[in-house]
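We did not get these values from a lab; they are worked out from the coordinates using the rules stated. In this text, all values refer to a predicted model and were calculated from it rather than measured experimentally. Cβ placement follows ideal geometry from the backbone for every residue including glycine, while neighbour counts extend to all protein chains displayed.
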Amino acid sequence: MITRFSVGRALGIALVGATALSFVGPAAAANYNWLTARGTDSGTVKAVLAVAEKFKATHPDFGITVEAIPDRPAYLQKVKILATGNQLPDLFDADAEPYFADIVANGLVANVGAILDEVGITDKFYKFALDYERLDDGSLYLIPFEANTEYFWYHPSMFEKAGIEVPKTLDGILEACSKLKAAGLTPVSVDGKDGWPIYRYLSFPAFRETGNQFLEQLKAGEVQMNSEVGLASAKYLQDMGSSCFQQGFATANYTDALNLFTSGQAAIYYMGTWEIGTMTNPDGTLKDDVAFFTLPVIDGKTATKPTDFYAHSGIGTAIKAGSDTAELKEFLKFLADNFGDAALYDNKFMPSIKPTIRPDLAEIYKRALSDIEQVGTYVKVWDVKLDANTVDVLYRQSQLLALGEITPEQFAAEIDTSIQQYVSSR
């Protein structure tokens, strides 16, 4: 579904076709089109538009028109079509992945890092949020809006029933799963249909063994998945599939997995701080029988610290070359002063721009913000760093691996073949 709406001088509503809902105001002298992969109910979109509405008090002709395509494959396909025809919108969402690097190389987007420096707002962002959006050469062409960490959410009552403590090591998670199963409980709920939640489990051992070195070398074809670290990571995912994940996980979508946990039918659910609102009461306190822990370690491994885990700013937003006008730069400066609080207090998500820490801010948010500040080395996301064809292979093969339908060695062979094809074509 494609949805369009805008912040303009006035809002009108019109139904366009069967699949397009448009909220269209009068044409503005300085209207910017934003193609987003986020849903129209996204806190990010709401916060940006709320700040844009405030900005209009001094810039009455300013407007942002949003076209939302939350279906990621459909969104990516549209971006590719627009980029090929040199018809990209003023603003569009992207990850710092190889295809976006090609867009940058072709001069289609503005240098966001230079713009943030020019208007003096770089330091208003969490450093890792900017770093996450950087390309391999360190350049920055994407604006981050979120700053998330990821936690293992769990039900303490289920841990108590199974007689287990919070796992301190990755192997400890597998041991906990065995005891939870023995107690008649579903250990872990996971969204297997979308792929990326199960890639997380694949990435955990490699990160705790080497930091991001293994992934970076794997991407470059300098190390194989069919290596000690790679095979150990593959085996860990397979063990999670056989010992921990719920029945039917491969066809469970995001909502299915979330609901399984929140309804008390699974003991553990790994997900980011964008779900804090789901795990808390209206006053910001954790719901009854909900707690969380961070990514466990591997005994004896020192490549990372316990405070290093998944922290990222999600999909970023690019500015089309030529759309980086003086007014848009003024808006970005205004955004830096207003977005953090609009995100955290009005829309309940963790912003990339540092918010005001008010005395009445709930402890869970203070803890998450503290974790964000302390993250040193964060886990790089496999399906962002690897090339698109390899991500397709990763999607298919990781499901088969977790289901036990292929061996770690077979999984590794497929990944290695795809990466070698990509490296050879560069």
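Can you give the convex hull volume of the alpha carbon atoms of segment 77-234 per residue, in Å³?
Cα convex hull per residue, to the nearest whole number: 169 Å³.
Out of all DSSP beta bridges with both ends in the chain, state the antiparallel percent to the nearest 5.
Approximately 65 percent, going by the DSSP bridge assignments.
Could you list the square roots of 5 times each eigenvalue of the Cα gyration tensor of segment 342-392, that is, the equivalent ellipsoid semi-axes, sorted largest first and rounded to whole Å?
The answer is 31, 13, 8 Å, longest axis first.
At 222 nm, what value in deg cm²/dmol follows for the chain if DSSP H runs of at least 4 each add -39500 (n - 2.57) and the sum is divided by all its residues, to the nearest 500?
-13000 deg cm²/dmol
Translational diffusion coefficient, Stokes-Einstein: compute it for segment 79-136 using the Kirkwood radius over C-alpha pairs as Rh, at 4 °C and 1.567 mPa s, and state it as an integer in µm² s⁻¹.
103
How much length, in nm to one decimal, is gained on full extension between residue 345 and residue 136, taken as 0.36 nm per residue of separation minus their Cα-Cα distance?
Gain on extension, residue 345 to residue 136, equals 71.9 nm.
Using 7 Å Cα-to-Cβ label points, what is the residue 291/residue 323 separation (nm, one decimal)?
Output for this residue pair reads 4.7 nm.
Relative contact order of the chain: what whole-number percent is it, with Cα pairs under 8 angstrom and at least 6 residues apart?
23
Round to a whole angstrom and tell me the spacing of the C-alpha centers of segment 228-271 and segment 320-335.
42
Mind putting a number on the dipole of the chain about its Cα centre? Charges go on the C-beta only, +1 for Lys and Arg and -1 for Asp and Glu, and I need it in Debye to the nearest 20.
So the magnitude is around 540 debye.
Taking every Cα atom in segment 385-426, find the radius of gyration and the maximum pairwise distance Dmax, and write them in Å.
Every Cα atom of segment 385-426 included, Rg and Dmax give 10.5, 34 Å.
Toward the positive end of the charge dipole of the chain, about the Cα centre and with charges on Cβ (Lys, Arg +1; Asp, Glu -1), which of 260, 276, 63 goes farthest?
63
For the chain, count the residues as N, evaluate 2.2 N^0.38 Å, and divide the Cα radius of gyration by that value, please.
Against the compact-globule rule of thumb, the ratio is 1.00.
Using the beta-carbon distance between residue 374 and residue 194 and R0 = 41 Å, what value does 1/(1 + (r/R0)^6) give for FRET efficiency, to the nearest 0.05?
Step by step, r from the Cβ atoms, then E = 0.90.
Which values, in whole Å and largest first, are the semi-axes of the equivalent ellipsoid of segment 91-173 obtained as the square root of 5 times each eigenvalue of the Cα gyration tensor?
40, 15, 11
Relative to 2.2 N^0.38 Å, what does the C-alpha radius of gyration of segment 222-366 come to as a ratio? Two decimals please.
My calculation over the Cα atoms of segment 222-366 gives 1.38.
Relative to the present Cα-Cα distance, how much length would full extension add between residue 409 and residue 367 at 0.36 nm per residue of separation?
Result: 11.1 nm gained on full extension.
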